1. Tell me, which residue of the stretch 16-29 that is more than 16 Å from ligand 1 (Cβ to nearest atom) and at pLDDT 95 or above is surrounded by the most Cβ atoms within 10 Å (Cβ to Cβ)?
2. Out of curiosity, is Leu281 out of contact with any Gly (no Cβ under 6 Å at 6 or more places or on another chain) and closer than 20 Å to Leu124 by Cα?
3. Do you know which of the residues in the stretch 298-321 that are touching a strand residue (DSSP E or B) at 6+ places or on another chain (Cβ under 6 Å) and among the charged types (D, E, K, R) is surrounded by the fewest Cβ atoms within 10 Å (Cβ to Cβ)?
4. Select, from Leu281, Leu253, Leu265, the only residue that is buried (at least 22 other Cβ atoms within 10 Å of the Cβ), touching a residue at least 60 places away in the same chain (Cβ under 8 Å) and away from ligand 1 (no atom under 16 Å from the Cβ).
5. Is it the case, given these coordinates, that Asp216 is loosely packed, with under 15 Cβ neighbours inside 10 Å and either assigned by TED's automatic domain parsing to the domain that holds Gly49 or at pLDDT 95 or above (or both)?
6. Scan Val70, Val102, Val63 and give me the residue that is in contact (Cβ under 8 Å) with a residue 60 or more places away in the chain and touching a Gly at 6+ places or on another chain (Cβ under 9 Å).
Amino acid sequence: MLVLGIESSCDETGVALVQCHSAEHKGEVPELLAHALFSQIEMHKAFGGVVPELASRDHIRRVLPLAQEVLKGSGRSLSEVDVVAYTRGPGLAGALLVGAGVACALGAALGKPVLGVHHLEGHLLSPFLSADPPEFPFVALLVSGGHTQLMRVDGVGSYVLLGESIDDAAGEAFDKSAKLMGLDYPGGPLLARMAESGNPKAYTLPRPLLHSGNLDFSFAGLKTAVLVQSQKMVAAAGVSIFKDLPQDEQHDLAASTQAAIVEVLVKKAMMALKQTGLKRLVVAGGVGANRQLRAQLNEACGVRKIRVHYPELHLCTDNGAMIALAAAMRLQSGKQQASANYAFDVKPRWPLDSL
Ligand code: KG4
Ligand code: ZN
């Protein structure tokens with residue numbers, strides 16, 4: 001069975017084709033045949049963040065050419081597609097509507113069923129496409145631009161929320177701190193690069209909710225602490241903006257910020273593993289690409305004899321492969337059937353544990 005997946009929840013248009021096995025091969029991971037991605041980052045950069053209306057319009061321009069590229073790359077034709085999957089939510093309403101509309105139009109034109117997928121389920125299952133795929137059950141640390149969650153995952157569609165951010169997500173903490181440092185959107189990866197040559201202990205920043213006794217996170221206060229610290233540094237150096245500070249000071253604050261975010265994520269993930277008694281951790285979402293986070297999780301998991309799995313680096317941030325994969329795994333597990341009802345809707349807010 002061939003599943004075409006379309007992702008359009010935010011500022012990346014992604015399309016992918018996945019080969020899925022029948023229900024008898026429940027344990028086998030579907031195979032990724034081809035995927036193509038267009039990132040709108042350059043377009044949104046000028047505005048310092050994603051402009052929803054521009055995002056929707058660009059998805060319209062990109063989605064069909066990307067689908068053609070994927071079909072060409074896999075040597076398959078549109079008529080061979082058995083199911084058309086799309087991101088139904090969460091995300092930007094207008095952007096989601098583009099993917100949903102195109103998927104349902106394709107489905108109706110081909111006479112093939114469609115399936116709306118949860119974006120975070122896509123992230124969560126994306127490590128199954130890596131060279132070292134996980135096995136159920138596991139604890140998932142979902143760290144994206146919009147969400148920070150710890151989940152207990154017992155199988156496809158079996159998700160129990162253990163804790164989540166009560167305000168900003170980890171990716172947002174990276175991006176907002178980076179913005180204060182004068183870095184372009186999305187600043188997360190740029191801040192991480194700066195942090196590599198900085199001293200993570202140079203400045204003391206808060207580790208919010210580290211000792212709260214539960215598995216919730218809070219990152220909103222951190223960006224205020226970064227702002228206050230950067231203002232102090234600018235005043236002490238007698239310069240007018242952060243970017244005019246000596247480079248080592250800039251790098252030290254980036255490293256200290258990253259260290260604060262990473263420490264909380266690692267400690268809470270270890271608490272979740274202890275609480276559930278599970279011995280496997282799956283990390284997913286854009287922040288999962290962070291090298292410091294990976295290094296510290298590897299170390300913490302190594303001491304505790306816990307297996308840790310990540311998506312391939314290029315599949316950490318939004319992409320169509322994870323959407324086609326999540327649809328294929330849902331179909332293969334018998335959890336869900338694709339539908340020939342093309343009256344679609346989207347869910348800009350949609351809790352993963354309600355699936
Ligand atoms: O999962 P994703 O593509 O988007 C959402 O579904 O929200 O994640 C994007 C987020 C952004 O906040 C970006 O700054 C962050 O992931 N990110 C990183 C790194 N790469 C991406 N943050 C820290 N270090 C990185 N290397
Ligand atoms: Zn995402």
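The values are calculated or read from the model by the stated rules, or taken from the named source; none is laboratory data. A quick note: this is a predicted structure, and the numbers were derived from the prediction, not measured. Every residue, glycine as well, gets a Cβ built from its backbone with ideal geometry; the counts of neighbours run over all protein chains shown.
1. Val18
2. Yes.
3. Arg307
4. None of the others qualify; the one that does is Leu281.
5. No.
6. Val70
Residues checked against (1) touching a Phe, Trp or Tyr at 6+ places or on another chain (Cβ under 8 Å); (2) farther than 21 Å from Val228 by Cβ:
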| residue | (1), (2) |
| --- | --- |
| Val143 | no, yes |
| His147 | no, yes |
| Met151 | yes, yes |
| Gly157 | no, yes |
| Ala173 | yes, no |
| Asp184 | no, yes |
| Leu191 | yes, no |
| Asn199 | no, no |
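Matching residues to (1) crowded, with 18+ Cβ neighbours inside 10 Å; (2) in the same structural domain as Arg330 (by TED's automatic domain parsing); (3) within 12 Å of ligand 1 (Cβ to nearest atom):
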| position | (1), (2), (3) |
| --- | --- |
| Gly111 | no, yes, no |
| Leu115 | yes, yes, no |
| His119 | yes, yes, yes |
| Leu141 | yes, no, no |
| Gln149 | yes, no, yes |
| Gly157 | no, no, no |
